[in-house]
Amino acid sequence: MRVPVKWLAEFLNLPVRDADELEQILVSLGHEVEGIEHFGPSFEGVVVGLVEEVVPHPNANRIRFCRVNDGSATHDVVCGAWNFGPGAVIAYARVGSRLGIDTDHPTTIGAREIRGVTSHGMIASARELGLGDDHDGIMVLDELGAADLDDVGRPLEEVLNLSDVVLDVSITPNRGDCMSIRGLARELAAYWQIPVKEVSPRLATSAGPTDFDVSIVDPEACPRFVAHRIDGVTMGPSPLWMQTRLLSIGQRPISNVVDVSNYVMWELGQPIHTFDAEKIADRHIIVRRAGEGETLRTLDGATRVLESGDILVTDPSGPIALAGIMGGASTEVSAETTSVLVEAANWEPASILFTSQRLGLRSEASGRFERGVDPDLPGLAAARTVELISLTAGGVPRAEAVDNYPVPARPRQVAVGSGDLSRLLGSEPSFKESLELLRRLGFGIDGENGEATVTVPTYRSDVARPADLAEEVARLHGFDRFPDLIRYGKYGMLTAAQLATRRLEAVLVGAGLTEAQTLSFIGQADLDTLRLPRDDPRRKGIRVKNPLREEEAILRTTLLPGLLAAVARNVARGNKEVRLFERGRVFHSVPDSEDPRIPHQPVHLGVAMVGGDTDAFSATGLLALLSRITGSELAVVQGRIPMLHPGRGGTVTDGANPVGIVGEIHPSLGRAYGLDGRVAVAEVALDTLISVPSAWHLNEVSPYPPLVFDLAFVVPESVPAGRLLGVVELAAGEDMDTLELFDEFRGGSIPDGHRSLAVRVTLRAMDRTLSDREAGPILRHIARAVEERVGGVLRGRA
Amino acid sequence: MDLHLVDRIVEEGILKIVSAADIETLDIVESETVGRRSQIIQARRRIGALPPESRKAAGQSINKGLRLLTESLAERRAALEIEVEDLLLDQDRIDLTLPYGRPSRGTHHLLTSTMNEVCDIFRSIGYQVAEGPELELAWYNFDALNTPPAHPSRFESDTMYVEAFAGEERSGPDELLLRTQTSPMQVRFMEKQAAPVYVVVPGRVFRTDTWDATHSPVFHQIEGLAVDSDIRFGDLKGTLAYFAREFFGPSAKTRFVPHFFPFTEPSAEMLVWFNGAWLEMLGCGMVDPNVFEAVGYDPSEVTGFAFGMGVERLAMVKHSIRDIRHFYENDLRVLEQFR
């Protein structure tokens, strides 16, 4: 909310005018100041001038030739306006003055020749001075009551009191009462312990009461409706001082009646609506909820289709305003209006919020009603409005308003004990001091010895409990005055799974991978690109109801689209070797086992690598490393997976169940991402890696020397190396120390459809030195097992 | 025998040894100084000819001299051998400032390391670390956190909602959404564990925000919660001031100003003085009694404080990062600068 300091000063004797100091105080009270602006004229060098003489232009009919006194000299000025004569006090833009300095195209006034006569400067209109839209004539300052003869020669901005400092204050949602100058004045008054000036409208009137009926059908929607009539109004521009005020808060002046309603809203915080009283049928206002599908043409010209929750102001002929949000076109005040009905009402915040949000009609008024407006305010605000209308537009207000207030709000009472405050705030401030702080904030206090009843003013709907009072006490006392203490908990340890996760990430980083963070969203196209089978659960992603883009409409079921896109973006930007990993949640459309109300959302670990000597082994090697570090027993089962290279991919299992995939992506997938060469990926559920118990036990090592044998087997191509190693390991028995595959060979004497695989078997007993004689039977046993189990033939031994 | 003579022989010998320029010269010097015909050996032979009372002193002196000479020879020999080896090794010389290939270590993402750093600071004062689901019930994200049904943050313009399980219609507290804050885990944690509670919750959160330099639809927060029988506003201030000093450095100053959050009362915002400005760094406050009631804690028995901070914001302030998009573009040129 924009708060001009001069306006604030109308409500209290500001001990401080410096904007930075005011900012500090407001911030300490919980009102963030987002900016400080200097509001000022859009001109410089313009003075108040006196028109001494007006004569016809010698060479033109439509323009006149004037002599203007600027206080020190008299100048010849040509002017095209006819709304003044000799003796008029006007705004004189001297030679060298500048107009429109707040725009992109400021102009400097010079002496120029107009039809053979030199004009030294110009007489300015309101629009030329940035003081409104009026361009029908020049500003006649004495007629506007803005200046008189004594002011001639003085700078115009000084005479019009145009400069101000404006604080842009951000009001938190709980403080509807601070959405006004008076509301913030109250806060500052509490801080400085000085009084706030009262607003007491004086209505000089002899007219009767407002002759309207107001029926409230739904008092929950409308707790109060005040209608105040004023007759004999002359519509026109509002006075300059009010226009200036509105400009300083960023509101465009419109007309005297409309400007007054905006002014009162800013001053007191009560949004006001004005109807043309003659256009309301039967002088009867009925406030009710809308019927489904009912329509209303609002004063912006749009036809609004309403829903049953919307609140309407109607007359017997139908809706005339969308309550608290926007008036209707049919009863809008216009240039011909002479009788105005002022509405100051209270509306249910939630309904205003929903309706304004649905219709996209957030306004200054709706913003206030959403936060909650003091139900006690409409009477005062309506009186203030008609007072200002009669001042700016003439007219006679009715002696009384119609005030339909079915259940008058009673100030809330909160019982508070000293313990209620000290358990939140500590021993300072004392209970007595606390009550004094509350009193300064406008709360009524009854009692003081450890127990008190606090009466909450109706404008503080946010305060209902001792905790709320504690906040009031704390902020006026000053947050900075509370001590800084530290609280220690008892369990600063990470869980085993958290520790394992950190270790795992450190290993990945040590192995040369860089951690990525990709978005949690994917699109249908991503799933199609992965060539996932139709019945794959990863296709059944959970959809976002209100996605930002269709490409981000599904919650990711796999990390790979994000990682591959990140790898591809890097390659496109010239980063040749890219090795990324990500740890993140994926989302499956099945209930979570711990909390079945929400979907299962396991954490996955994904890897994508390209460049250098990357191939499928880069990924299987990493999995083996992680598996070893965490003690999990992941295995790779080679097989065809559509998104992977048919001969270089497979499933990762935890020994029993599939927990992920690993391999090189299918070249077609690479092409879809714009990636050449081999791209290795892996994705596993993190659980399988980190849920292994971290306790492990040392295997004793043998002090005896080993016997090393190299065995080469010819095996059919269909036998995976892993299978061969498994058979050898089992057959070697307990004296086998290590087993390693060190060579693969095809061709030469090896028959087609076969390959030679060479393994190095190290035998070593725990209790003695093994002799060659003992090794013989073991090796024969291995050879027989390989032959029987996988059809392999021992080709050589060393 | 003149013992001074022995000293002189040794002195002259050592001089010869240290001035031997190569191993061949040293071989000759060795035979000259300690060889069979060397003066010192000659002298030792003559000990027997000395009067008995002089023999012991002469023997000691000669043996000491002989030891000195032998040691000097060995030392000199080792030095000369290294010189010879170094000459050969010069052939093996390389330029150490030549590029040595890509460093093999990758990097942690700055968001991860920042979250770890913050969690570790709180672990140092006894806080547990917990993580919660990203897809949440409206109950945990809003209702249990004292957020009224009519609150703008619930609108689709702020919060992303998702379809429930096939065919299921949900509304109100049962609606499924992408959590907009890590605070729901406060509620889940208190549901499971009785007070006292000291926990921090790092994690990913979501808002319907379009991308710009400071907004992204996906970002990260760290939530903190302390609940005990006697926690006061000063505990909140001191704990968070400790965090700020640990994270931003010992000179970091903090300031607390009143603010508003539905789930805390009183509520505050912590500003940190960093690089010459007061920066809004986190929101915090004393846990609202309604939150305690929602999780089944008795608000007359316990008090507590809660806080929440944006991880991207922390990292951006600390490391002079001007655009939040750097965190999600995963450009190696950026990622590799993270440490």
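Quick notes
- Qualifying residue in the stretch A:411-426 (condition: among the polar types (S, T, N, Q), touching a Gly at 6+ places or on another chain (Cβ under 9 Å) and closer than 30 Å to B:S300 by Cα): yes
- Options A:S261, A:S317: the member that is surrounded by 14 or more Cβ atoms within 10 Å (Cβ to Cβ) and more than 29 Å from the chain's Cα centre (by Cα): A:S261
- Some residue of the stretch A:193-204 being in contact with a Cys (Cβ under 8 Å, 6 or more places away or on another chain), more than 14 Å from chain B (Cβ to nearest Cβ) and touching a residue at least 12 places away in the same chain (Cβ under 8 Å): no
For every residue, the table says whether it meets (1) part of a loop (DSSP other than H, G, I, E, B); (2) facing chain B (nearest Cβ under 8 Å); (3) in contact with a helix residue (DSSP H, G or I) (Cβ under 8 Å, 6 or more places away or on another chain).
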| position | (1), (2), (3) |
| --- | --- |
| A:I445 | no, no, yes |
| A:A452 | no, no, yes |
| A:Q498 | no, yes, no |
| A:G512 | yes, yes, no |
| A:L519 | yes, yes, yes |
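- Wholly within the stretch A:4-100, strands (runs of 3 or more DSSP E) carrying at least 1 residues that are at negative phi and within 14 Å of chain B (Cβ to nearest Cβ): A:32-39
- Selection status of A:F713, surrounded by fewer than 12 Cβ atoms within 10 Å (Cβ to Cβ), closer than 28 Å to A:T769 by Cα, of a type outside the set (K, R) and touching a strand residue (DSSP E or B) at 6+ places or on another chain (Cβ under 9 Å): no
- Verdict on B:F219 being more than 7 Å from chain A (Cβ to nearest Cβ), surrounded by fewer than 22 Cβ atoms within 10 Å (Cβ to Cβ) and either over 27 Å from the mean Cα position of the chain (by Cα) or not in a helix (DSSP H, G or I) (or both): yes
- Taking strands (runs of 3 or more DSSP E) as the structural unit, those lying wholly within the stretch A:125-235 and holding at least 2 residues that are closer than 21 Å to A:A409 by Cβ and under 37 Å from the mean Cα position of the chain (by Cα) correspond to A:224-231.
Conditions tested, residue by residue: (1) buried (at least 19 other Cβ atoms within 10 Å of the Cβ); (2) at pLDDT below 95; (3) under 60 Å from the mean Cα position of the chain (by Cα); (4) among the aliphatic types (A, V, I, L, M).
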site	(1), (2), (3), (4)
A:R760	no, no, no, no
A:A765	no, yes, no, yes
A:T769	no, yes, no, no
A:D772	no, yes, no, no
A:A775	no, yes, no, yes
A:G791	no, yes, no, no
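Quick grid of which residues meet (1) within 22 Å of A:L513 (Cα to Cα); (2) out of contact with any helix residue (DSSP H, G or I) (no Cβ under 9 Å at 6 or more places or on another chain); (3) surrounded by fewer than 23 Cβ atoms within 10 Å (Cβ to Cβ):
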site: A:R585; (1), (2), (3): yes, yes, yes
site: A:V590; (1), (2), (3): no, no, yes
site: A:R597; (1), (2), (3): no, no, yes
site: A:T620; (1), (2), (3): yes, yes, yes
site: A:A624; (1), (2), (3): yes, yes, yes
site: A:A635; (1), (2), (3): yes, no, yes
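- Within the stretch B:113-134, considering residues that are surrounded by fewer than 21 Cβ atoms within 10 Å (Cβ to Cβ) and not in a loop (DSSP other than H, G, I, E, B), the one farthest from the other protein chains (Cβ to nearest Cβ): B:E117
- In the stretch A:595-607, of all residues being within 9 Å of another protein chain (Cβ to nearest Cβ) and more than 16 Å from B:A138 (Cβ to Cβ), the one that is farthest from the chain's Cα centre (by Cα) corresponds to A:V603.
- When restricted to residues that are in contact with a Leu (Cβ under 8 Å, 6 or more places away or on another chain) and surrounded by 21 or more Cβ atoms within 10 Å (Cβ to Cβ), the stretch A:103-125 contains 2.
- Lone qualifier among A:D300, A:D282 - being assigned to a loop (DSSP other than H, G, I, E, B) and acidic (D, E): A:D300
- Residues of the stretch A:41-65 that turn out to be small (G, A, S) and farther than 16 Å from A:G96 by Cα, as a count: 1
- In the stretch A:360-386, residue surrounded by the most Cβ atoms within 10 Å (Cβ to Cβ) [restricted to those that are within 13 Å of another protein chain (Cβ to nearest Cβ) and assigned to a helix (DSSP H, G or I)]: A:F369
- Residue list for the stretch B:187-208, restricted to those being more than 17 Å from A:L555 (Cβ to Cβ) and either among the hydroxyl-bearing types (S, T, Y) or out of contact with any helix residue (DSSP H, G or I) (no Cβ under 7 Å at 6 or more places or on another chain) (or both): B:F189, B:K192, B:Q193, B:A194, B:A195, B:P196, B:Y198
- Residue check, B:D86 exposed (fewer than 15 other Cβ atoms within 10 Å of the Cβ), on the phi < 0 side of the Ramachandran plot, away from chain A (no Cβ under 14 Å) and part of a helix (DSSP H, G or I): yes
- Residues of the stretch B:296-323 that are out of contact with any Lys or Arg (no Cβ under 9 Å at 6 or more places or on another chain) and aliphatic (A, V, I, L, M): B:V302, B:A306, B:M309, B:V311, B:L314, B:A315, B:V317, B:I321.
- B:T264 vs. criteria surrounded by fewer than 23 Cβ atoms within 10 Å (Cβ to Cβ), without any contact (Cβ under 8 Å) to a residue 60 or more places away in the chain, at the interface with chain A (Cβ under 10 Å from one of its Cβ atoms) and of a type in the set (V, I, T): no
- Filter result (assigned to a loop (DSSP other than H, G, I, E, B) and either touching a strand residue (DSSP E or B) at 6+ places or on another chain (Cβ under 8 Å) or among the charged types (D, E, K, R) (or both)) within the stretch A:521-530: A:G523
- Restricting A:L296, A:L341 to residues that are within 19 Å of A:A383 (Cα to Cα) and more than 14 Å from every other protein chain (Cβ to nearest Cβ) narrows the list to A:L341.
- Look at the stretch A:480-499: where a residue is farther than 24 Å from B:R255 by Cβ and a partner is assigned to a loop (DSSP other than H, G, I, E, B) and not aliphatic (A, V, I, L, M), sitting 6+ places away or on another chain with Cβ atoms under 6 Å, you get A:G489/B:G126; A:G489/B:Y127; A:K490/B:G126; A:G492/B:G126; A:A496/A:S694.
- Check on B:E265, more than 30 Å from A:L580 (Cβ to Cβ) and either in contact with an Asp or Glu (Cβ under 8 Å, 6 or more places away or on another chain) or polar (S, T, N, Q) (or both): yes
- Verdict on A:S632 being out of contact with any strand residue (DSSP E or B) (no Cβ under 6 Å at 6 or more places or on another chain) and more than 14 Å from chain B (Cβ to nearest Cβ): yes
The values are calculated or read from the model by the stated rules, or taken from the named source; none is laboratory data. Keep in mind the model is a prediction, meaning the values are calculated, not measured. Here the Cβ is made from the backbone with ideal geometry for all residues, glycine too, and neighbour counts use every protein chain on show.
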